[in-house]
Amino acid sequence: MRLSVMGCGYLGAVHAACMADFGHEVIGVDVDERKIADLTRAKAPFFEPGLPELLQRAMDSGRLSFTTDVAALAHDGAAPTVHFICVGTPQRAGEFAADTTYVDAAVRALLPYLRPGDLVVGKSTVPVGTAARLAAMISEAVPGAMLAWNPEFLREGHAVQDTQRPDRIVYGLPADPDEAARTKALLDEVYANPIATGTIPVLTSDYATAELVKTAANAFLATKISFINAMAEVCEAAGADVSALAAAIGHDERIGPKFLGAGLGFGGGCLPKDIRAFMARAGELGADQALTFLREVDAINMRRRTRMVDLAREVLHGTFLGRKVAVLGAAFKPESDDIRDSPALNVAAQIRLQGAEVVVTDPAALENARRAWPDLHYEDKVEVACDGADVVLLLTEWKQYKAIDPAQLAGIVRARNVLDGRNALDPQAWRAAGWTYRALGRPRV
Ligand code: UDX
């Protein structure tokens, strides 16, 4: 099939490469010339495990190309083209609502190249109601062209496998039964490879439900994390251990063990802005009361960052002045170089503002961190970052950091204080090596 992918960021670049790997002819389009120049050389413009190899394979096959020129989508072939919309929907400045400008612009840019029978497929996370609005725009400009909403659930760091083998595929289809059938047939052909496994559920719905599936899933995940972090606050007050609590409640199949990692809370380009956009949209629809709990989910999450700063200050006997703080981790989570709304960088910046010398290290995100937070001090190596530190903060749980030998690091720092912001280290091993180990939601000992 002939496919195009509008927007080649974390979502679009992976989607384009995976679709070409499935055997489709794919053109990726983005306005960012640097990104397109990288991708054209099969270079991944961001850190994503497995993507460089996949890109190389797809480029070598001759089925994948990238361009900044949307006119490359002009074609006179008889078969319909499927166009994916993978552009971002960031939070609007000073507001909770999502900015759908890029989605609108991408669809508008496509219109001159759309032909009857072509299908536009929205993958971006949008406020419910966007698909219906775009469908009207498309059918008015190009009668016979269609729209589907096909939300994407990929996690950064696992994006390739999540795209190749998603745990479900959701199609939001047009109301007209004939159009819905044609749309579904095209999508089934696009996803023939994963569907052939026979194990991936394909769920169909109207546009609004498909849009909401995505926001509801993210709201649930955010709620689960804030729930366990609320328990961490209670555990701290009661002298209990949130890690043991999470393990025990996770054995209940109805609760499940995943997304119960207490610590610094969620960040990144999705969960924080998606729950806010969801609240804003519910408000516009007159259903704001239904989502007031998400305000609390957001507040619990943001409180984790302040609590971490307070704990660091407490360990340093009440002041950051003249103290050196080593921060392990800048990315919002491991296996990613994404620093959007990174809890780690937020904590590092707060501590710096309060007078400490802060040195941040990260295996993949330093370049992005330097660009966004130029005032912080960065070092490539853990040993250099921790040299002479009064406290070491683990804020992103990279496996490299979990594997640190506490006895070895003890010889480098000025004081053996470690704060585990992700409940990722073994308290016993660190304490045995002479460290004062503290974590959010765990007893002091
Ligand atoms: C998320 C959703 O998982 C994905 O389905 C959706 O498509 C986009 O948003 P992502 O932002 O890549 O994906 O990261 P995810 O792995 O979900 O982690 C989000 C944040 O939650 C990270 O900051 C992570 O550190 C934090 N987290 C996750 C916890 O604090 N505790 C946990 O137990 C799990």
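Here Ala232, Ala237, Ala216, Ala247 are screened, and the one residue that is of a type in the set (Gly, Ala, Ser) and touching a Gly at 6+ places or on another chain (Cβ under 9 Å) is Ala232. Across region 426-445, the number of residues qualifying as touching a Phe, Trp or Tyr at 6+ places or on another chain (Cβ under 9 Å), buried (at least 19 other Cβ atoms within 10 Å of the Cβ) and within 22 Å of Arg323 (Cα to Cα) comes to 2. Counting only residues that are charged (D, E, K, R) and either within 21 Å of Pro427 (Cβ to Cβ) or near the ligand (Cβ under 9 Å from one of its atoms) (or both), region 239-282 holds 3 of them. For region 1-101, the helices (runs of 4 or more DSSP H) that sit wholly inside it and include 2 or more residues that are farther than 30 Å from Thr197 by Cβ, among the acidic types (Asp, Glu) and modelled with pLDDT of 95 or more are 33-40.
Out of Asn417, Asn423, one residue alone is surrounded by 15 or more Cβ atoms within 10 Å (Cβ to Cβ), farther than 13 Å from Gly329 by Cβ and under 26 Å from the mean Cα position of the chain (by Cα). It is Asn423. When you scan region 296-309, do you find a residue that is farther than 27 Å from Val347 by Cα and either of a type outside the set (A, V, I, L, M, F, W, C) or in contact (Cβ under 8 Å) with a residue 24 or more places away in the chain (or both), even just one? For region 296-309, residues farther than 27 Å from Val347 by Cα and either of a type outside the set (A, V, I, L, M, F, W, C) or in contact (Cβ under 8 Å) with a residue 24 or more places away in the chain (or both): absent.
Considering only residues in region 233-287 that are in contact with a Cys (Cβ under 8 Å, 6 or more places away or on another chain) and not in a loop (DSSP other than H, G, I, E, B), the one that is surrounded by the most Cβ atoms within 10 Å (Cβ to Cβ) turns out to be Val242.
Does region 303-317 include one or more residues that are in a loop (DSSP other than H, G, I, E, B) and either of a type in the set (Lys, Arg) or in the same structural domain as Arg414 (by TED's automatic domain parsing) (or both)? Within region 303-317 (the criterion being in a loop (DSSP other than H, G, I, E, B) and either of a type in the set (Lys, Arg) or in the same structural domain as Arg414 (by TED's automatic domain parsing) (or both)), the answer is yes, since at least one residue qualifies. Among the conditions (1) crowded, with 18+ Cβ neighbours inside 10 Å; (2) touching an Asp or Glu at 6+ places or on another chain (Cβ under 8 Å), Val202 misses just one, which is (1).
Each row is one residue, and each column tells you yes or no for (1) crowded, with 16+ Cβ neighbours inside 10 Å; (2) within 21 Å of Phe153 (Cβ to Cβ); (3) of a type in the set (Val, Ile, Thr).
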residue: Met1; (1), (2), (3): yes, no, no
residue: Gly7; (1), (2), (3): yes, yes, no
residue: Gly23; (1), (2), (3): no, no, no
residue: Ile27; (1), (2), (3): yes, no, yes
residue: Glu48; (1), (2), (3): yes, yes, no
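If the condition is being among the hydroxyl-bearing types (Ser, Thr, Tyr) and farther than 13 Å from Phe278 by Cα, then region 205-222 contributes Ser205, Tyr207, Thr209. For the residues Gly88, Gly122, Gly94, Gly77, the requirement of being assigned by TED's automatic domain parsing to the domain that holds Ala148 and on the phi > 0 side of the Ramachandran plot singles out Gly94. Within region 383-406, can you find the residues that are of a type in the set (A, V, I, L, M), within 25 Å of His317 (Cβ to Cβ) and away from the ligand (no atom under 16 Å from the Cβ)? The answer is Ala385, Ala389, Val391, Val392, Ile404. Could you please let me know if Glu33 is in the same structural domain as Val107 (by TED's automatic domain parsing) and in contact with a helix residue (DSSP H, G or I) (Cβ under 9 Å, 6 or more places away or on another chain)? Criteria not met by Glu33. Restricting the search to region 197-230, which residues are β-branched (Val, Ile, Thr) and outside any loop (DSSP other than H, G, I, E, B)? Val202, Thr204, Thr209, Val213, Thr215, Thr223, Ile225, Ile228 - these are the residues of region 197-230 that are β-branched (Val, Ile, Thr) and outside any loop (DSSP other than H, G, I, E, B). Out of all the residues in region 351-358, is one or more more than 16 Å from the ligand (Cβ to nearest atom), in a loop (DSSP other than H, G, I, E, B) and crowded, with 21+ Cβ neighbours inside 10 Å? Yes, some residue in region 351-358 is more than 16 Å from the ligand (Cβ to nearest atom), in a loop (DSSP other than H, G, I, E, B) and crowded, with 21+ Cβ neighbours inside 10 Å.
What residue, among those in region 133-149 that are surrounded by fewer than 21 Cβ atoms within 10 Å (Cβ to Cβ) and in a loop (DSSP other than H, G, I, E, B), is farthest from the ligand (Cβ to nearest atom)? Per the stated criteria, the residue is Pro143.
In region 150-165, of all residues being near the ligand (Cβ under 10 Å from one of its atoms) and not acidic (Asp, Glu), the one that is nearest to Leu55 (Cα to Cα) corresponds to Ala159.
The values are calculated or read from the model by the stated rules, or taken from the named source; none is laboratory data. All figures in this text were calculated on a predicted structure; none of them were measured in a lab. All Cβ positions, glycine included, derive from the backbone under ideal geometry; neighbour counts span all protein chains shown.
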